[in-house]
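These notes concern the structure reproduced below.
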Amino acid sequence: MEKQISISINHLQHVGIPVKNIVVSETFYNRLGFENVMQSAFISEGETGTCIMMKNKSVIIELYQMPDNQLEEVKNRKNGHIDHIAFDVDDIDNAFTELKNASFHIVEEKPVFLSFWENGCKYFNIIGPDGERLEFNQIL
């Protein structure tokens, strides 16, 4: 049996959902009582996409629309798609080191900074045994 790592996961931070139309999706989640609490552009393959965080009490859903040149996969889906589950951590660098030292399959070379929230956040992803993506995220 492999050694258990010592990362302190505080809570489920958010669930990330790629969407076809950010305006339509925001309206849908507004009707369910969610409020847009953060909106930011992001760059993917040199193009600009949009991300919003929708919150209802303690539940946060990340909706993101890829740039136009990358929307084809999302548009061709037959079923819904949850892209990742994100865990909130206190120390992203420590979590990265612990998981790397424990030989988890980490996607990024180092924690990635995004200008989300008031002071930004850092995240990285690991791949689970069935290909699921688990994000570790620290809001700075």
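The values are calculated or read from the model by the stated rules, or taken from the named source; none is laboratory data. Small disclaimer: the values here were computed from a predicted structure and weren't measured. Positions of Cβ are generated from backbone atoms using ideal geometry, with glycine treated the same way; all protein chains shown enter the neighbour counts.
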- Screening SER115, SER103 for residues that are without any contact (Cβ under 8 Å) to a residue 40 or more places away in the chain, within 21 Å of GLU135 (Cα to Cα) and of a type in the set (Ser, Thr, Tyr) leaves only SER103
- Is there a residue in region 93-105 that is surrounded by 14 or more Cβ atoms within 10 Å (Cβ to Cβ), in contact with a strand residue (DSSP E or B) (Cβ under 9 Å, 6 or more places away or on another chain), part of a strand (DSSP E or B) and on the phi < 0 side of the Ramachandran plot? no
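Okay, residues lined up against (1) among the small types (Gly, Ala, Ser); (2) surrounded by 11 or more Cβ atoms within 10 Å (Cβ to Cβ); (3) more than 16 Å from the chain's Cα centre (by Cα); (4) at positive phi:
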{"residue": "LEU32", "(1), (2), (3), (4)": "no, no, yes, no"}
{"residue": "SER44", "(1), (2), (3), (4)": "yes, yes, no, no"}
{"residue": "TYR64", "(1), (2), (3), (4)": "no, yes, no, no"}
{"residue": "ASP88", "(1), (2), (3), (4)": "no, yes, no, no"}
{"residue": "PHE116", "(1), (2), (3), (4)": "no, yes, no, no"}
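Please determine whether any residue of region 66-83 is surrounded by 13 or more Cβ atoms within 10 Å (Cβ to Cβ) and in a strand (DSSP E or B). It would help to see each step written out before you state the result.
First, pick out the residues of region 66-83 that are surrounded by 13 or more Cβ atoms within 10 Å (Cβ to Cβ): 66-67, 70-71, 74, 83.
Remaining after also requiring in a strand (DSSP E or B): none.
No, every residue in region 66-83 fails to be surrounded by 13 or more Cβ atoms within 10 Å (Cβ to Cβ) and in a strand (DSSP E or B).
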- Whichever residue in region 10-30 is surrounded by 13 or more Cβ atoms within 10 Å (Cβ to Cβ) and within 13 Å of GLN138 (Cα to Cα) and, among such residues, is farthest from the chain's Cα centre (by Cα): LEU12
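Yes/no matrix, rows are residues, columns are (1) modelled with pLDDT of 90 or more; (2) farther than 22 Å from TYR123 by Cβ:
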{"position": "SER6", "(1), (2)": "no, no"}
{"position": "VAL15", "(1), (2)": "yes, no"}
{"position": "ASN36", "(1), (2)": "yes, no"}
{"position": "SER40", "(1), (2)": "yes, no"}
{"position": "GLU47", "(1), (2)": "yes, no"}
{"position": "MET53", "(1), (2)": "yes, no"}
{"position": "ILE60", "(1), (2)": "yes, no"}
{"position": "ASP68", "(1), (2)": "no, yes"}
